[in-house]
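Undergrad: One structure follows; several queries about it will come next.
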Amino acid sequence: MAKRKSVKRLINIGLSLIVVLIVVAAVTTYFWQIRLQKPDEVNMANMADMAGMTHMEHMVSMTASVSEKGMVSCAAIMAPESSGPTRKFDMTAARTTLKLDNGKMADAWTFNGSSPGPELRVTEGDRVVVTLHNKDIEDGVTIHWHGIAVPCSQDGIAGVTQDAVAPGGQFTYTFIATTPGTYWYHSHQMSSIQASKGLLGALIIEPKQQPESNPSTLEATVLYQQLGSTMLVNGNTNGLSVPGKPGDQVRLRLINAGNETMEFDVEGAPFRVMAMDGHDLHNPGELDGTIVPVGAGQRYDFLIKVPESGQVVINSPESSPIMIGSGIQPQHSEGGQLFSFVDYGTPLPNDSALHIEPDQRFELKLGQTLFTKSINGKSFHEIPPMDVKNGDHILITVSNEGGGDHPFHIHGHVFRVLSRDSVALKGSPVYLDTLLTKKGETYELMLEANNPGLWMAHCHDLKHASMGMSMMINYEGITTPYRVGTKSGNLPDL
Ligand SMILES: [Cu+2]
């Protein structure tokens, strides 16, 4: 009897020990991962060389790299002279209590008193000059121009291309609006926190001349965001009403500025996907009963002709509907097939870009570990950067190995999607800055390294980025005087 009791006791002690060990391991791993996300100090231009260096060695190596011939600082890469008109904007980031249209009050962080901030609308070729002022956002703010290939020093990345702008401070961004399309902007200091607090807005670059392929007579920007846990469309909780009469061709510029994939369907009229991430598609065909998934950070331009019956409704399970026009409400339909850009539109007749041999290849496996989101099993500054040379063509294979949808965003460039799951794209060329990947999918992308700098490449579910799914594309010969880490307070993706 006594023996059986002591065996039982031993088992209990053993079990308790195992539980304690698991808890200790979990807590240790958790703090290890936090350390990854909040390092003391990291030079994102030179991550591999930094590891294991003492402070003194680091200072010596910095001096050495600055004096090394041919090294260029990201901070010195600015917009070239240009003859286009200059468009100036002032944006003030501030803590604001917003009264939402549902009567609720929201503690938001705003640009110029609203969230989303003002829509910046410029014309192709304009010189865009935006002065950011920080009134009272304690951790500092920046503005990143999502989808626009700006010069390195203007990309708005705290700790890589600038220091976060402290309360009372300011920073002026200058870039040329080279490529017309639908874009957006958001703070890239503690982006997962600051974007969900409201520091974001739309940026539209209108073409100098409307292409003949654009029959739209009306247009509307529709920006979705998650303000904390509230889904807003153009700042409203109750959906949106877009004016339009029968026969009007409405271009809807949908911007997913939230963290989750949204699925849209259009009821009451057929529609076309005119552009993805701002880039027009070639001969986009009519779609009907098709559900279009739009990943976080992505933009889709729809063209919808208002029917004689008067009304079109754009539904998504994630948000309140958008109504275009007035009249008889179309019948609600369930289901439909998913939009696929693999065979949408038609190829360009002489597409020389298809026959480019890559100079370099990278493979990125997007996945997760116990407490992190990872790329090739590593997180944030421990992920080796893609080191590239100016002029190289880079073939990137991106696979989603789980942990949710990963909309993969690359800064400073537009890339071409070559294939999905080994099937080459057969329709229109597709150029993106943010690629939605779902579990099990593999894509091949071709990127021309034509914008020397230091560029982030990360998941645009910003919660995933903050958990480590964020890496760099670094050009040979480019340095930065800025540092990421708790010492400088620059934490771009926290
Ligand atoms: Cu992700």
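Undergrad: Starting with the fewest neighbours, write out Leu15, Leu100 ranked by other beta-carbon atoms found within 10 Å of each beta-carbon.
TA: By the 10 Å Cβ count, ascending, the order reads Leu15, Leu100.
Undergrad: So for the chain, averaging the separation of alpha carbon pairs under 8 Å that are six or more residues apart and normalising by length, what relative contact order in percent results?
TA: Relative contact order comes out at 17 percent.
Undergrad: As a test, work out the antiparallel percent of DSSP beta bridges whose residues both lie in the range 218-339, rounded to the nearest 5.
TA: Antiparallel bridges: around 70 percent, rounded to the nearest 5.
Undergrad: Taking the 0 to 90 degree range and rounding to the nearest ten, how far is the long axis of helix 2-37 tilted relative to the main principal axis of the chain, both from C-alpha atoms?
TA: Helix 2-37 sits roughly 60 degrees off the main axis of the chain.
Undergrad: Are there GluC sites (Glu not before Pro) in the range 104-208 that DSSP puts in a loop and that have at most 13 other Cβ atoms within 10 Å, and which ones?
TA: Within the range 104-208, the qualifying GluC sites (Glu not before Pro) (loop, at most 13 other Cβ atoms within 10 Å) are Glu138.
Undergrad: Right, another one. Name every cysteine in the chain that ends up alone, with no second cysteine's Cβ under 4.7 Å, or say none.
TA: Cys459
Undergrad: Then there's this: Could you pull out every one of the lysines with an alpha carbon less than 20 Å from that of Lys208, ignoring same-chain neighbours closer than 8 positions?
TA: Lys88
Undergrad: Quick check on packing: order 148-161, 242-255, 463-476 by the mean number of other C-beta atoms within 10 Å, highest mean leading.
TA: By packing density, highest mean first, the sequence is 148-161, 463-476, 242-255.
Undergrad: Related question: Count the DSSP beta bridges whose two residues both fall in the chain, then state the antiparallel fraction as a percent rounded to the nearest 5.
TA: Close to 70 percent.
Undergrad: Within the range 63-152, which trypsin sites (Lys or Arg not before Pro) sit in a loop by DSSP and count at most 16 neighbouring Cβ atoms inside 10 Å?
TA: Hits after loop and neighbour filter: Lys69, Lys104, Lys135.
Undergrad: If I take all pairs of Cα atoms in the range 303-368, what percentage of them are more than 19 Å from each other?
TA: 65 percent
Undergrad: Counting Lys +1, Arg +1, Asp -1, Glu -1, what net charge surrounds Asp155 among other residues with beta carbon under 14 Å of its beta carbon?
TA: -3
Undergrad: Between the helical axis of 55-67 and the dominant principal axis of the chain, each derived from Cα atoms, what acute angle in degrees is found, rounded to the nearest 10?
TA: Around 40 degrees separate the two axes.
Undergrad: What residues have an amide H closer than 5 Å to that of Met91, excluding those fewer than 5 places away on the same chain, when H is modeled at 1.01 Å from N in the peptide plane?
TA: Thr131, Leu132, His133
Undergrad: If you build the Cα gyration tensor of the range 218-339 and take the root of 5 times each eigenvalue, what three semi-axes come out, in whole angstrom, biggest first?
TA: Value: 20, 17, 14 Å, ordered largest first.
Undergrad: Would you list, by chain and number, the lysines whose Cα falls below 30 Å from the Cα of Lys463, excluding same-chain residues fewer than 8 positions away?
TA: Qualifying lysines at Cα under 30 Å: Lys38, Lys99, Lys104, Lys135, Lys197, Lys365, Lys373, Lys378, Lys438, Lys439, Lys487.
Undergrad: A further question follows. What Kirkwood radius, in Å to one decimal, follows from the Cα pairs of the chain?
TA: 24.0 Å
Undergrad: Which cross-chain or sequence-distant (5 or more) residues have an amide H under 5 Å from the amide H of Asn259, H modelled 1.01 Å from N in plane?
TA: Amide H neighbours of Asn259, under 5 Å, 5+ apart: Gln226.
Undergrad: I've got another one for you. For the range 219-297, which GluC sites (Glu not before Pro) pass both filters: DSSP loop (anything but H, G, I, E, B) and at most 15 other C-beta atoms within 10 Å?
TA: Passing sites in the range 219-297 are Glu286.
Any read-out appearing in this document is the output of simple, stated calculations on the displayed coordinates, not a laboratory observation. Computed from a prediction, not measured in an experiment: that's the story for all the values here. Neighbour counts are summed over all protein chains in view; Cβ atoms, including those assigned to glycine, are modelled from backbone coordinates with ideal geometry.
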